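Here's the structure, in structure tokens; my notes come after.
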Amino acid sequence: MIVEGVDPRDTQWEVDWPVYRVYFWHQPPAPPGVAQEHAMWQCDEYRVSDVADVEEVLDWARNKARSDQTFVIYVEQRDAHRRGLVRLFGVDPDSAA
């Protein structure tokens, strides 16, 4: 971890009411003859808005997640042409490490 002091004047904008994405991941049992670590991951995705802060999203996700699921929280961000995601919490189990 790297921690550095910053000058708060170096940013040009901020978003007070971001939109979040929450992706719930689970790995169903592997079919016969396939090792469990090779089973495909499945994901349920949600868009969450009109919340006070990321703590509210985190509480919702923890309450919604089943015992066989892990989840990742992102902030949805747009540039002039596209929508993108900034990861805030969790790790996508389907991404290359």
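The values are calculated or read from the model by the stated rules, or taken from the named source; none is laboratory data. Here the structure is a predicted model, which is why all the values come from computation and not from measurement. Quick reminder, even Gly has a Cβ in these numbers, built from the backbone with ideal geometry, and neighbours come from all protein chains shown.
Looking at (1) modelled with pLDDT of 95 or more; (2) surrounded by 10 or more Cβ atoms within 10 Å (Cβ to Cβ), which is the only condition ARG83 fails?
(1)
Here's a check for you: in region 37-67, which residue that is under 10 Å from PHE24 (Cα atoms) and of a type in the set (Asp, Glu) is surrounded by the most Cβ atoms within 10 Å (Cβ to Cβ)?
Ranking the candidates gives ASP44 first.
Considering only residues of region 68-80 that are part of a loop (DSSP other than H, G, I, E, B) and among the acidic types (Asp, Glu), which is nearest to ASP94 (Cα to Cα)?
Our first condition is that a residue be part of a loop (DSSP other than H, G, I, E, B); within region 68-80, this holds for 68, 79-80.
Remaining after also requiring among the acidic types (Asp, Glu): 68, 79.
Details: ASP68: 15, ASP79: 25 Å.
Filtering first and then ranking leaves ASP68.
For residues that are without any contact (Cβ under 8 Å) to a residue 60 or more places away in the chain and among the aliphatic types (A, V, I, L, M), scanning just region 76-87, find the one that is farthest from PRO18 (Cα to Cα).
Taking the candidates together, the pick is ALA80.
Residues checked against (1) part of a loop (DSSP other than H, G, I, E, B); (2) aromatic (Phe, Trp, Tyr); (3) touching a residue at least 12 places away in the same chain (Cβ under 8 Å):
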| site | (1), (2), (3) |
| --- | --- |
| TYR23 | no, yes, yes |
| GLY33 | yes, no, no |
| ASP44 | no, no, yes |
| ASP59 | no, no, no |
| ARG66 | yes, no, yes |
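Looking only at region 71-80, which residues are surrounded by 16 or more Cβ atoms within 10 Å (Cβ to Cβ) and not aliphatic (A, V, I, L, M)? Talk me through it step by step, then tell me what you get.
Step one: list which residues in region 71-80 are surrounded by 16 or more Cβ atoms within 10 Å (Cβ to Cβ), which gives 71-76.
Selection gives PHE71, TYR74, GLU76.
If a residue has to be surrounded by 10 or more Cβ atoms within 10 Å (Cβ to Cβ) and either touching an Asp or Glu at 6+ places or on another chain (Cβ under 6 Å) or more than 18 Å from PHE89 (Cα to Cα) (or both) to count, how many in region 16-35 make the cut?
Here is the first cut: in region 16-35, the residues surrounded by 10 or more Cβ atoms within 10 Å (Cβ to Cβ) are 18-28, 30, 34.
If we keep only those that are either touching an Asp or Glu at 6+ places or on another chain (Cβ under 6 Å) or more than 18 Å from PHE89 (Cα to Cα) (or both) as well, we get 19, 21, 23-24, 26-28, 30, 34.
Residues in region 16-35 being surrounded by 10 or more Cβ atoms within 10 Å (Cβ to Cβ) and either touching an Asp or Glu at 6+ places or on another chain (Cβ under 6 Å) or more than 18 Å from PHE89 (Cα to Cα) (or both): 9 in total.
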